[in-house]
Amino acid sequence: MSSSIVKDAFKIQKTPFPMRRAVGAAICSSFPVMIGIMLGNFQYGLMAGIGGFSYLYVFNDPYKHRAKKVFLVALGLAAAMGLGTLTAASPFLFALLLGLIGGFGTFIFGALKIQGPASIFFVIIFAMTYAMEIDPNAALMRASLVLIGGMVSWIVAMVGWFSDPYEPEKRAIHHIYAELTKLARAIGTSRFDELKESTLFSLKNVETTLSSGYISWRSSEFFKRLFILKNKAHSIWGDILELESLGKIGIAPEIIELLNQITQSLIQKSQSKEIKVPDVTLEGFEQHLYKKIVSAVDVIQESVPVVDQEIHFMKHSVAKKLLDAFDKNSVVFLTSLRYAVVLGIAAMIAFSFEFERSYWIPVSCGSVMLGSTIISTFHRSIQRSIGTLVGILVAGIILSLGPAPIIVALLIAMFNFFTESLMVRNYALAVTFITPNAILIAESTTKLRDLPYFATARITDVIIGCIIGIIGVLLVGRQSASSRIPHLMSKTIRSQSQLFYNTFSNNNANINDNHLKNKMRTNLNNLRTVYGAALGEIPNNIASLSLLSPAIFSMEHLGYFLEAKARNRPLTRGEIAQFLYIFETMAQSIEQQQLLESFDIPEIPMHARIQEEIDTLLEALITYLKKAP
C-alpha cells in the first residue's frame, strides 16, 4: 500500500495544458507588480499582485457567473488581508480566525459546488500577514491594494466577453456532442457503460453551465439555440441508450458521421453552416434517432425559428444549497469542520513556538488537506514536500543573483505560468514553481538576507505542516464516509420514491415538483461525494465499494429520468402503492444490509426507461447484498 501511494503521487496525468489559463495567471500576478515599479513603489505593487490570485478561480464559467465569482473572490481576498493585518498582534485570535476562514471557505465552495482552489488562497493571504510588519492602521491600505489587483484579474477574466460572449456555453455544448459521438461509437463494446456514465455527468454539467449563464431579460436568439441543442442532446442520449438496450452491437455509420459533423461545427465557426446531411433511410429506431440528429442540424444552421422558444431552468437558491449542506450526514459540512479544527490546531502550534516564518505551517497543512480523500492527502503531502525541496534550490540560485524589481516581476509571471500549466499534470511539479514564487515574494517584501536559514525554516515548516495535516485527517473521520453510505443510499431512494409518487399519482394536491427534485438531487450529490471519499479511506474495502458502484450509477440514471418527466398520471392507486412498497423495501434492505424481498417490476406505460432503471437498481442492490461481506 505505501509503495503504491508514493508511486501514484508522482504519476503524470495526460490532461491537456491549460495555456489560456496559464497566460491569464501570469498577467494577473505580474501586471500589478510592474505598475507598482513604474509608480516607484515596488512593495505596493507586490501587495496588489497578491490580488492576482483571484484569477485562479476562473474556469469555463459563463461570463455572467464569472463576473460575480471573481469579484466576490477579490473582495474575500482583500477582506482576508485586512482582517489578518488587524489581528496579527494576537496569536490566539489570529489562529482562531485562520481556522474559521479555512472552514467557512471550504463549506461555501463545497456547498455551492464552486470550481476552484477552494479556501486555500484566503488562508494563504490571511496567514502571510503574520510575517508582515504589525500595523493595524495599514489594514485598509493593504486590503485596498489586494482589491485593486483583484480588479485586474476581473478585467482579464472578462475580456473575452467582448469578442464572444457565449464562448463558455458553446464549449459546454460542443463537449456534450463530442461525448454523444463517442457513446454512439461504443454501442456493443465494453466501453459503453463507462461512457454512458461520463455522458450523463456531461449532460448535468451543460445544464449547470447554461443555467448559470442565463439572463432572463437578455435572452438572445443565439442562446435559445444553445438551449434547444442542450435539450436535443438529452433526447439523443436517451435514444442511444434505447438502441443499446435493444441489443444493438453497432450503429449506422451515417449516424456517427452526422454526430461528428455537428461536433466539429460547434467548435469551428466557419463550418457551422456546412453540415452535409445525406438523404438515407434507416430501419426502426435508428431512423427515429437519425431524425432527431437532423433536427439538431436544423437548429445549428438556423433553418428553424426560435424566437418563441421558452427557457426554463430548475435553479436552487443559494440559501437552499447552504441549508442542504448544513447536515450532520453531509460530507461538505464534516469536511469543513475537520478543515477548520485541524487548521486552527496547526496555527496554534505554529504561533506557540518560535518557528521562523511560522505561517508556512498552517499554509502547508491547509494545502495537503485540500485532498478530497485520505489517500489524496498523502499524495499532496509527498508532492508538497518533494516539490518544496526542489523549489528552494531554484529560489536559492535566483536570490543569490540579487534580481532587480523588474526581473522579479517577470519571474513571478513565469512561475505562475508554469504553476498553472503543470498543476493539472502533477501537483509536485507545480510546487517546484509555487515555492520559488512564494520565497521570491517573501524575500522582496521582508528584505530577509540569511538565505540558508530562510530555506531551512521553509523546509522545516512545510514538513511540520504536512505532518499535522495527515495526522488530523487520520484522526478525524478516518472511515466516516463509508459508514454513512447506507444511510445516504436509503435516503436517496426514499426521495426518488416521493418524486415517483408525485409524477405518477392522481393526487391533485399542489405539491411542488421542484422541491422534490431539489431534494433528490441534493441527496444524489451527497451520496456521490461520500462514495468518492470512501474510496480514498485508509484502510478501505475496495471489493465491497466496487459492488456499490452499479447501484449508485443506477440511482443517478433513475434520478435523471424522473427529473426529465413532466407530471403524468398513467398509474392506478394499486400500481403506485406497489412501486412505493418496492422503493421502501430497497431502502430498508440497504439500511439493514440484507435483502428483505425481491420483486418483478411492473410495467409503466409510456415510461419504459424508468421501469427498466428501477429493475436495474433492484438487481444491482441484490448483487451487492449477496456478495458484500
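Residues that are part of a loop (DSSP other than H, G, I, E, B), touching a helix residue (DSSP H, G or I) at 6+ places or on another chain (Cβ under 6 Å) and farther than 17 Å from Tyr177 by Cβ: does region 244-259 have at least one?
Yes, region 244-259 contains a residue that is part of a loop (DSSP other than H, G, I, E, B), touching a helix residue (DSSP H, G or I) at 6+ places or on another chain (Cβ under 6 Å) and farther than 17 Å from Tyr177 by Cβ.
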Within the bounds of region 256-266, is there any residue that is surrounded by 13 or more Cβ atoms within 10 Å (Cβ to Cβ) and under 26 Å from the mean Cα position of the chain (by Cα)?
yes
Keeping to region 604-613, report how many residues are within 31 Å of the chain's Cα centre (by Cα) and not in a helix (DSSP H, G or I).
0
Selection from region 81-107 of residues that are touching a helix residue (DSSP H, G or I) at 6+ places or on another chain (Cβ under 8 Å) and without any contact (Cβ under 8 Å) to a residue 60 or more places away in the chain
Leu83, Gly84, Thr85, Leu86, Thr87, Ala88, Ala89, Leu93, Leu97, Ile101, Gly105
Check off (1) closer than 16 Å to Arg484 by Cα; (2) assigned to a helix (DSSP H, G or I); (3) modelled with pLDDT under 85; (4) not β-branched (Val, Ile, Thr) for Phe561 and give me the number that stays unchecked.
(1)
What is the number of the single condition among (1) modelled with pLDDT under 80; (2) surrounded by 20 or more Cβ atoms within 10 Å (Cβ to Cβ); (3) of a type in the set (Ser, Thr, Tyr) that Ser589 does not meet?
(1)
Within region 605-623, take every residue that is of a type in the set (Asp, Glu) and farther than 18 Å from Ile576 by Cβ and give me the one that is surrounded by the most Cβ atoms within 10 Å (Cβ to Cβ).
Glu612
Search region 479-506 for residues being among the charged types (D, E, K, R) and modelled with pLDDT of 85 or more, and hand back the single one that is surrounded by the fewest Cβ atoms within 10 Å (Cβ to Cβ).
Arg494
Near pairs, Cβ below 7 angstrom, 6+ apart or cross-chain, from region 136-147 (more than 18 Å from Gly52 (Cβ to Cβ)) to any residue that is among the polar types (S, T, N, Q):
Pro136/Thr85; Ala138/Thr85; Ala139/Thr85
Check on Ser554, under 27 Å from the mean Cα position of the chain (by Cα) and either surrounded by fewer than 17 Cβ atoms within 10 Å (Cβ to Cβ) or not in a helix (DSSP H, G or I) (or both)
no
Residue by residue through region 121-162, note down the ones that are outside any helix (DSSP H, G or I) and exposed (fewer than 15 other Cβ atoms within 10 Å of the Cβ).
Glu133, Ile134, Asp135
Which residue, of Thr585, Thr623, Thr616, is over 15 Å from Ile493 (Cα atoms), assigned by TED's automatic domain parsing to the domain that holds Met520, part of a helix (DSSP H, G or I) and β-branched (Val, Ile, Thr)?
Thr623
Residue hits (region 207-225; farther than 11 Å from Pro62 by Cβ and buried (at least 16 other Cβ atoms within 10 Å of the Cβ)) are Glu207, Lys224, Arg225
Identify, from the list Ser265, Ser367, the residue that is part of a helix (DSSP H, G or I), of a type in the set (S, T, N, Q), touching a helix residue (DSSP H, G or I) at 6+ places or on another chain (Cβ under 8 Å) and at pLDDT 80 or above.
Ser265
Test: residue in region 37-51 that is touching a Cys at 6+ places or on another chain (Cβ under 9 Å) and either crowded, with 18+ Cβ neighbours inside 10 Å or within 18 Å of Ile407 (Cβ to Cβ) (or both):
yes
Of everything in region 277-323, what is surrounded by 12 or more Cβ atoms within 10 Å (Cβ to Cβ), in contact (Cβ under 8 Å) with a residue 40 or more places away in the chain, assigned to a helix (DSSP H, G or I) and not small (Gly, Ala, Ser)? Give them in sequence order.
Phe285, Glu286, His288, Leu289, Lys292, Ile293, Val299, Ile300, Lys320, Lys321, Leu322
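The values are calculated or read from the model by the stated rules, or taken from the named source; none is laboratory data. Quick caveat, the model's predicted, so the values are computed rather than measured. Positions of Cβ are backbone-derived with ideal geometry, glycine not excepted, and every protein chain shown enters the neighbour counts.
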